[in-house]
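> The structure follows.
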Amino acid sequence: MPTILIIDDERAIRNVLKDILGNEGFKVEEAADGEEGLKKFTSGTYDVVLCDIKMPKLDGIEFLQKVTEINADTPVIMISGHGNIETAVDAVKKGAYDYIAKPPDLNRLLITIRNAMDRTNLVQETKVLKRKVSKVQEIIGESEAILRIKETIDKVAPTDARVLVTGENGSGKELVARWLHEKSNRAQGPIVEVNCAAIPSELIESELFGHEKGSFTSAIKQRIGKFEQANGGTLFLDEIGDMSLSAQAKVLRALQEGKITRVGGDKEIAVDVRVVAATNKDLLKEVEEKNFRLDLYHRLGVILIHVPSLNERKTDIPLLVDKFLDDIAMEYGQAKKEMEKKAVEALLQHNWTGNIRELRNVVERLVILSGKEITAADVRSYV
């Protein structure tokens, strides 16, 4: 049953709307002012919010701005007896789905509510389809550490909080970053990845911030940097611990001010980017050794997510193996190979220094080199 939250300081209005919407099959909850409405919105789940504009404690426009930051997908319909065309335009600009004057035309109100719910369904379907098209792998595992990571992603993704992901090479840090983007309000925007370890220190600033034509010898044309490319989306700074100190200073400034300047340029360019960083290094140790800025560490690490090594989550190996067998069968266009129980037990005994990446390679090797069924002898021979 769809749930609607009504926020209005006039009890009579709330009662009328509750009776009408209840008769139409909606579940209705009420709040007498913006503050109470915000508490209910934060703790509950609603399909549509009907909100008055003129209210004590927290007015409708302030409420609208706050809930848009929490969950931009929930449609908010503003209702007011004090408004005019300017008020309506301002409300819609700030994220309202629609504006209806008091006393509301009940037919129009019901149509608007149903249209708003249809739009929400379309947005959710679009996100699901986009995830399928983008082929973002699921985070496989039921160990306590992985369940905690999934829970953290669900909580953090809808916000714009910066996240620092730590863990060994091959443990799945990039996958965490991609799911933070996919489940965020920026999912329709780009996710742009920069491998800071793969770019020479003298080129990292140009890569991140772009450059103007003629700013250095090989700058034969203007280049748009990764910050600008990620505008409206997510910038994933992989191996951030390998970034030069001079580039760190510029990244810090970009995070503080929301502006960048291209190499060789003097114009400040505003960028709206959510930054997710990852590293396999102990950044606090790098700070002690003067290789990393402490102020940048604190800017990046609003939320810290540590991805455990495969050796720390061996109970997830059977699930991972089964998923890889499915994926490889699909890639090769052949029937899925089965793996005997003793073969899985043999994999559990292995020391996985290369983590998930190594396990994926081993499973593919076993599929190619083994017979109809993968046996413990195959594991001993090929791992």
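> Answer yes or no as to whether Val165 is of a type outside the set (Gly, Ala, Ser), at pLDDT below 95, over 22 Å from Ile70 (Cβ atoms) and surrounded by 14 or more Cβ atoms within 10 Å (Cβ to Cβ).
no
> Looking at Ala116, is it among the small types (Gly, Ala, Ser) and closer than 30 Å to Val263 by Cβ?
So Ala116 fails the test.
> Next question. Quick one: Lys337 ticks every box in (1) assigned by TED's automatic domain parsing to the domain that holds Ala377; (2) surrounded by 18 or more Cβ atoms within 10 Å (Cβ to Cβ); (3) modelled with pLDDT of 95 or more except a single one, so which number is it?
Among (1) assigned by TED's automatic domain parsing to the domain that holds Ala377; (2) surrounded by 18 or more Cβ atoms within 10 Å (Cβ to Cβ); (3) modelled with pLDDT of 95 or more, the lone unmet condition for Lys337 is (3).
> Shifting gears a bit: Going residue by residue through segment 16-38, is there one that turns out to be touching a Gly at 6+ places or on another chain (Cβ under 8 Å), crowded, with 18+ Cβ neighbours inside 10 Å and farther than 27 Å from Asn107 by Cβ?
Scanning segment 16-38 turns up at least one residue that is touching a Gly at 6+ places or on another chain (Cβ under 8 Å), crowded, with 18+ Cβ neighbours inside 10 Å and farther than 27 Å from Asn107 by Cβ.
> Could you look through segment 236-261, keep only residues that are among the aliphatic types (A, V, I, L, M) and in contact with an Asp or Glu (Cβ under 8 Å, 6 or more places away or on another chain), and pick out the one that is modelled with the lowest pLDDT?
Ala247
> Can you pull out the residues in segment 183-223 that are of a type in the set (Gly, Ala, Ser) and touching a strand residue (DSSP E or B) at 6+ places or on another chain (Cβ under 6 Å)?
Within segment 183-223, Ser206, Gly210, Ser215, Ala219 meet the criteria.
> Quick test for you: out of Asp118, Asp105, pick the one residue that is of a type in the set (Asp, Glu) and modelled with pLDDT of 85 or more.
Matching residue, one of Asp118, Asp105: Asp118.
> Next question. Can you name the residue in segment 48-80 that is buried (at least 18 other Cβ atoms within 10 Å of the Cβ) and within 21 Å of the chain's Cα centre (by Cα) and is also farthest from Phe26 (Cα to Cα) among such residues?
Checked segment 48-80; the qualifying residue farthest from Phe26 (Cα to Cα) is Val67.
> Take residues that are among the aliphatic types (A, V, I, L, M) and tell me which of the helices (runs of 4 or more DSSP H) falling wholly in segment 1-73 contain 3 or more.
The qualifying helices (runs of 4 or more DSSP H) are 11-23, 60-70.
> Taking strands (runs of 3 or more DSSP E) that fall entirely within segment 244-314, which contain at least 3 residues that are under 25 Å from Lys213 (Cα atoms)?
259-261, 268-270
> Quick check on this structure: which one of Arg253, Arg262 is surrounded by 22 or more Cβ atoms within 10 Å (Cβ to Cβ), free of Cβ contacts under 8 Å to residues at least 60 places away in the same chain, farther than 25 Å from Val176 by Cα and assigned by TED's automatic domain parsing to the domain that holds Pro158?
When all the criteria are applied, what remains is Arg262.
> Go through Asp295, Asp316, Asp272 for me and flag whichever is more than 30 Å from Leu255 (Cβ to Cβ) and either charged (D, E, K, R) or in the same structural domain as Asn185 (by TED's automatic domain parsing) (or both).
Answer to the selection: Asp316.
> Does Met78 satisfy the condition of being in the same structural domain as Thr112 (by TED's automatic domain parsing), touching a residue at least 24 places away in the same chain (Cβ under 8 Å) and either touching a Ser or Thr at 6+ places or on another chain (Cβ under 7 Å) or assigned to a loop (DSSP other than H, G, I, E, B) (or both)?
No, not satisfied.
> Given (1) buried (at least 16 other Cβ atoms within 10 Å of the Cβ); (2) acidic (Asp, Glu); (3) out of contact with any Lys or Arg (no Cβ under 8 Å at 6 or more places or on another chain), where does Glu10 come up short, assuming only one miss?
Result: Glu10 passes all but (1).
> Of these, Glu205, Glu239, Glu228, which one is more than 21 Å from Tyr297 (Cβ to Cβ) and among the acidic types (Asp, Glu)?
Every option except Glu228 fails the conditions.
The values are calculated or read from the model by the stated rules, or taken from the named source; none is laboratory data. Predicted model only: the values in this text are computed from it and were never measured. Backbone-built Cβ (ideal geometry, glycine too); neighbour counts: all protein chains shown.
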